[in-house]
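*Asks:* Here it is: the structure, laid out below.
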Amino acid sequence: MEAIQYDLIVVGAGPAGSAAAKVAAEQGLKVILLEEHTEIGIPAHCYGVIYGAMFPAFTEEILGSVDKKVIISRYSTYRIYTPSGKMAGEVAMAGKGDYLVRRDAFDRELAKQAVNAGADLRINTRVTGLVKKDGRVIGVTTSSTAAPNIYGKLVIGADGIHAAAKGTPRWAELTGAGQPFVGGVLLELTRLRDIEPDVREYHVGTFVNTGWTCINPYDATSGTTHFASMAEFEKVKTGNYAISRKMRDAIPVRMTGWSHPARLGEGLPKMVADGLILAGSAAGLVGTMHCVVSGHYAAQVALEAIKVNEVTEKKLERYEDLCKELIRPCFVDALPFSNLSDEAIEHFVLANIEKKGLNFGDWSF
Ligand SMILES: Cc1cc2nc3c(=O)[nH]c(=O)nc-3n(C[C@H](O)[C@H](O)[C@H](O)COP(=O)(O)OP(=O)(O)OC[C@H]3O[C@@H](n4cnc5c(N)ncnc54)[C@H](O)[C@@H]3O)c2cc1C
């Protein structure tokens with residue numbers, strides 16, 4: 001059995017974890033990156049839209065660093081359809097628009113970058129708990145029989161949304177009580193019609209449980225969408241909504257699950273403890289690029305703390321300050337559409353578009 005000691009343990013090889021592992025390894029830390037799945041990025045629970053307007057220079061740098069095949073296309077325009085089926089607004093994206101990436105391949109690229117920087121990656125290794133000494137986190141327990149205990153000077157928890165929202169026991173002191181979840185199916189559809197490859201569509205109204213869904217085209221006849229269930233998809237497909245005629249002949253070629261807590265993107269009140277930093281969605285943040293940025297911040301702060309051998313909550317609090325710019329309460333939280341009537345939703349959408357245009361990146365995942 002291995003007795004394993006690292007400077008930094010990173011839990012979860014999603015965008016936040018791989019970004020953190022890469023930056024820390026580049027700076028000379030001995031890093032281990034632990035991923036529970038056998039294939040990084042699979043299953044993908046994300047559309048893969050990278051909002052170009054949010055961190056423009058950083059986004060270009062990250063996308064410039066991955067294999068070009070990861071980038072599928074760009075969206076120049078967003079359209080929004082109100083409950084009455086009216087096409088209420090068309091918003092041109094700022095700058096170069098938003099990118100669409102293959103999220104599973106994107107995640108693998110970032111994990112490879114971490115490995116190339118010197119991080120030790122273990123797939124098929126689920127973190128099951130924390131090891132603590134005098135209240136400070138000093139390691140993790142894992143599902144691996146070869147390495148059931150791994151020790152580190154600091155742990156970065158980047159294991160995604162469920163950790164933040166459900167209060168996974170290992171982060172319990174930070175995440176507190178669980179929150180209600182919404183969720184459903186994320187579908188890749190073929191035989192869509194009346195869509196345009198560079199136009200992302202939002203359809204809002206009580207016809208779907210969460211109050212909105214969207215079509216993210218891959219090309220002129222295929223793309224992704226989400227629903228609460230397959231039954232809801234079938235209802236919409238055969239119904240009489242604006243989106244129905246686009247989906248009438250559509251066939252799913254891929255289905256994964258999705259879920260998120262009722263409160264999304266607002267960040268946890270506490271993201272650090274002695275020996276522990278939470279990054280990305282585990283810290284209650286949302287958005288692929290936001291999570292990458294938080295991974296960078298986590299690595300920077302971890303590095304500073306490890307250098308002076310002071311991995312205390314107090315020393316790590318700088319990370320929480322840095323993350324303030326990443327707080328982004330989402331649409332589903334800011335406006336609980338599912339509790340509004342179609343008339344109220346229609347009014348909200350039209351009034352907002354008239355007032356300032358809708359910044360789609362601000363209100364959706
Ligand atoms: C339906 C849907 C669509 C979305 N679309 C978009 C979009 O288009 N654009 C956008 O910017 N954001 C989108 N998001 C949000 C985005 O997917 C997340 O904000 C982002 O994936 C969070 O990255 P992360 O690295 O923090 O966590 P994750 O991507 O969730 O990665 C966590 C990793 O940790 C691993 N892990 C979990 N538990 C353990 C464990 N115990 N041990 C070891 N490993 C573990 C997981 O397998 C996973 O690889 C969407 C979300 C949903 C629900």
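*Asks:* Residue pairs, Cβ under 9 Å, 6 or more apart or interchain, first in segment 24-38 and on the phi > 0 side of the Ramachandran plot, second at pLDDT 95 or above and of a type outside the set (Phe, Trp, Tyr). List them.
*Replies:* These pairs meet every condition: 28/7; 28/118; 28/303.
*Asks:* Then there is this: Report yes if residue 312 is near the ligand (Cβ under 8 Å from one of its atoms), β-branched (Val, Ile, Thr) and either out of contact with any Gly (no Cβ under 7 Å at 6 or more places or on another chain) or at pLDDT 95 or above (or both), otherwise no.
*Replies:* no
*Asks:* Within segment 19-42, is even one residue of a type in the set (D, E, K, R), out of contact with any Asp or Glu (no Cβ under 9 Å at 6 or more places or on another chain) and under 30 Å from residue 202 (Cα atoms)?
*Replies:* no
*Asks:* Limited to segment 222-248, what total is found for residues that are under 26 Å from the mean Cα position of the chain (by Cα) and in a loop (DSSP other than H, G, I, E, B)?
*Replies:* 4
*Asks:* Here's a check for you: in segment 270-282, which residue that is within 13 Å of the ligand (Cβ to nearest atom) and touching a strand residue (DSSP E or B) at 6+ places or on another chain (Cβ under 8 Å) is nearest to residue 134 (Cα to Cα)?
*Replies:* Looking at the filtered set, the residue picked out is 277.
*Asks:* Further question: Within segment 231-279, count every residue that is under 26 Å from residue 289 (Cα atoms), surrounded by fewer than 16 Cβ atoms within 10 Å (Cβ to Cβ) and out of contact with any Leu (no Cβ under 9 Å at 6 or more places or on another chain).
*Replies:* 2
*Asks:* Another question, then. For segment 3-27, name all the residues that are farther than 14 Å from residue 154 by Cβ and modelled with pLDDT of 95 or more.
*Replies:* Correct list: 12, 13, 14, 15, 16, 18, 19, 22, 26.
*Asks:* So, in segment 1-60, of the ones that are polar (S, T, N, Q), within 28 Å of residue 256 (Cα to Cα) and assigned by TED's automatic domain parsing to the domain that holds residue 128, which residue ends up farthest from the ligand (Cβ to nearest atom)?
*Replies:* Among those that are polar (S, T, N, Q), within 28 Å of residue 256 (Cα to Cα) and assigned by TED's automatic domain parsing to the domain that holds residue 128, it is 38.
*Asks:* Quick check on my filter: what residues within segment 302-312 are more than 19 Å from residue 292 (Cβ to Cβ) and crowded, with 17+ Cβ neighbours inside 10 Å?
*Replies:* 305, 306, 311, listed by residue number.
*Asks:* Of the residues that make up segment 85-97, is at least one within 23 Å of residue 29 (Cα to Cα) and either within 12 Å of the ligand (Cβ to nearest atom) or over 20 Å from the mean Cα position of the chain (by Cα) (or both)?
*Replies:* Looking through segment 85-97, none of the residues is within 23 Å of residue 29 (Cα to Cα) and either within 12 Å of the ligand (Cβ to nearest atom) or over 20 Å from the mean Cα position of the chain (by Cα) (or both).
*Asks:* Could you figure out which of (1) surrounded by fewer than 24 Cβ atoms within 10 Å (Cβ to Cβ); (2) in contact (Cβ under 8 Å) with a residue 40 or more places away in the chain isn't true of residue 290?
*Replies:* Status for residue 290: all satisfied but (1).
Yes or no, residue by residue, for (1) in contact (Cβ under 8 Å) with a residue 40 or more places away in the chain; (2) in the same structural domain as residue 23 (by TED's automatic domain parsing); (3) closer than 30 Å to residue 344 by Cα:
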residue	(1), (2), (3)
67	yes, no, no
70	no, no, no
124	yes, yes, no
134	no, yes, no
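*Asks:* Right, another one. When residues of segment 200-215 are filtered for being in a strand (DSSP E or B) and modelled with pLDDT under 95, how many remain?
*Replies:* 8
The values are calculated or read from the model by the stated rules, or taken from the named source; none is laboratory data. Everything numeric here is computed off the predicted structure, so don't read it as measured data. Using ideal geometry, Cβ is built from the backbone for each residue, glycine included, and neighbour counts are taken over all protein chains shown.
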